[in-house]
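Novice: There's a structure below that I have some questions on.
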Amino acid sequence: MSDAMLYAEIGSLPDNLKAEIADFVGYLKQKHQPKKKIKERQVGGLKGTFVMSPDFDEPMEEFKDYM
């Protein structure tokens with residue numbers, strides 16, 4: 001079907017169906033956009049963003065009664 005024929009067919013439709021066609025065309029454009037390439041993760045990318053205290057593995061004072 002040529003563009004002119006398609007335009008004529010759409011032109012003969014009622015306004016509510018033309019609105020549906022406009023929505024569908026927008027959906028098709030969005031669906032077939034090239035996808036953004038995801039950046040590959042780097043090992044150790046978060047290195048240095050947080051620091052654990054030296055006594056992290058030591059028992060807490062609050063729990064000495066339970067140990």
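Read the figures in this text as sums done on the coordinates, not as results from a lab. Remember, it's a predicted structure, so these values are computed and weren't measured experimentally. Because the Cβ atoms are built from the backbone with ideal geometry, glycine has one as well, and the counts that use them run over all protein chains shown.
Novice: How far is helix 15-31 tilted off the main Cα axis of the chain, in degrees rounded to 10, range 0 to 90?
Specialist: For helix 15-31, the angle is close to 50 degrees.
Novice: Using a Cα distance threshold of under 27 Å, what count of lysine pairs results for the chain when pairs must be 8 or more residues apart or interchain?
Specialist: 8
Novice: Please compute the length gained on full extension between D57 and Q33, using 0.36 nm multiplied by the number of residues separating them and subtracting their Cα-Cα distance.
Specialist: Roughly 3.6 nm would be gained on extension.
Novice: Continuing with this model, one more query. Quick one: dipole size for the chain, taken about the Cα centre, charges +1 on Lys/Arg Cβ and -1 on Asp/Glu Cβ, in debye to the nearest 20.
Specialist: It works out to roughly 700 debye.
Novice: Return the Rg/Rh ratio of the chain with Cα-based radii and a Kirkwood Rh.
Specialist: Radius of gyration relative to Kirkwood radius: 1.61.
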